[in-house]
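Scroll down for the structure; my scribbles are underneath it.
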Amino acid sequence: AEGGQVQLYFGQGCFWHLQHDIVKEEVDVLGRKGGDITALAGYAGGNKVGDKGRVCYHNLAMAPDYGQMGHTEVVNVSMPEDKIGAFAKKYFDDADRYPMGRADPQDRGTEYRSAIGIPGGVDGKYFDAVKAANAGRLELLKGEGNDADTVRTKKVWIYDSDKYPFYQGEVYHQFHDDMLESYSKPYKGLKDTVLKTGSLKKVDCPEVGF
């Protein structure tokens, strides 16, 4: 936490869809816009990192692959402490209403498991707000790294984000259309906006783009 702001990450299938959902929450709940947006797609929850601390998307350039190192796709976001419950509730509402736990159940494998990363994990001071938002609907499990997929299970791994930190994904993955949905031009334009503010940075991974 810095200045009352807490860094959390959420994973629930493909990060393209989830980033769009979380940006909408930033706008609706926190009143953010443009360069104030903090939601960035990336990786977390693995027990390994590659050379130079790299965690990269699947690629043909032999760069360290996030899936092979046990990470899952997540979206990191900064929020005031008193808003953790609101963001967590939206996450659990979605996980509960999707028949298979996520919007895109066609994506299978540990890279798409449901996850929440908070400082301290299940033993930290923010877990009570997450637990209350869940209201007993899903099973919250302590993440140990490289954990199993959660599709069809109604389970969510809770990670200590101090132990399992967020690794920002490649620029081409940010503010991207989902597999099944196309998003607005202003939304996709956020990529250039947050690049200019410096909150989105280029990473030392292949920028293949698609």
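The values are calculated or read from the model by the stated rules, or taken from the named source; none is laboratory data. In this text the structure is predicted, and so the values were computed from the model without any measurement. Virtual Cβ from ideal backbone geometry, glycine too; neighbours counted across all protein chains shown. With ligands, DNA and RNA removed, areas are computed over all heavy atoms of the protein, side chains included. Shrake-Rupley method; radii C 1.70, N 1.55, O 1.52, S 1.80 Å.
At-a-glance table
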quantity: Residue 77 - accessible surface, heavy atoms, 1.4 Å probe, Å² rounded to 10; calculated: 0
quantity: Label-point separation, residue 207 to residue 5 (7 Å along Cα→Cβ), nm; calculated: 2.4
quantity: Phi-based couplings in Hz for segment 44-50 (Karplus 6.51, -1.76, 1.60; Gly and Pro marked x); calculated: 6, x, x, 9, 9, 10, x
quantity: Per-selection metrics, segment 1-125 (Cα): Rg and Dmax in Å; calculated: 14.9, 43
quantity: Mean residue ellipticity (222 nm) of the chain, computed from DSSP H runs ≥ 4 via -39,500 (n - 2.57), nearest 500; calculated: -7500 deg cm²/dmol
quantity: Amide N proximity, segment 1-44 versus residue 98 label position 7 Å along Cα-to-Cβ, cut-off under 19 Å; calculated: 8-26, 39-44
quantity: Intensity falloff of segment 130-169 expressed as log10 I(q)/I(0), Debye formula with alpha-carbon point scatterers, at q = 0.18, 0.25 Å⁻¹; calculated: -0.59, -0.96
quantity: Centroid-to-centroid separation of segment 151-196 and segment 1-38 [C-alpha atoms, Å]; calculated: 9
quantity: Kirkwood hydrodynamic radius over Cα pairs of the chain, then Stokes diffusion coefficient at 20 °C and 1.002 mPa s, in µm²/s; calculated: 127
quantity: Assigned charges on the beta-carbon of Lys, Arg, Asp, Glu; the chain dipole about Cα centre (debye); calculated: 120
quantity: Probe 1.4 Å, all protein chains present, accessible-area order of 102, 54, largest first; calculated: 54, 102
quantity: Loop trypsin sites (Lys or Arg not before Pro), segment 1-53 (other Cβ atoms within 10 Å of the site Cβ: 15 or fewer; DSSP); calculated: 33, 48
quantity: Zero-based 10 Å bins, Cα pair distances in segment 1-59, whole percents; calculated: 18, 43, 30, 9
quantity: Protein-only accessible surface order, largest first, of 111, 181 at 1.4 Å; calculated: 181, 111
quantity: Solvent-accessible ranking of 17, 71, largest area first, probe 1.4 Å; calculated: 17, 71
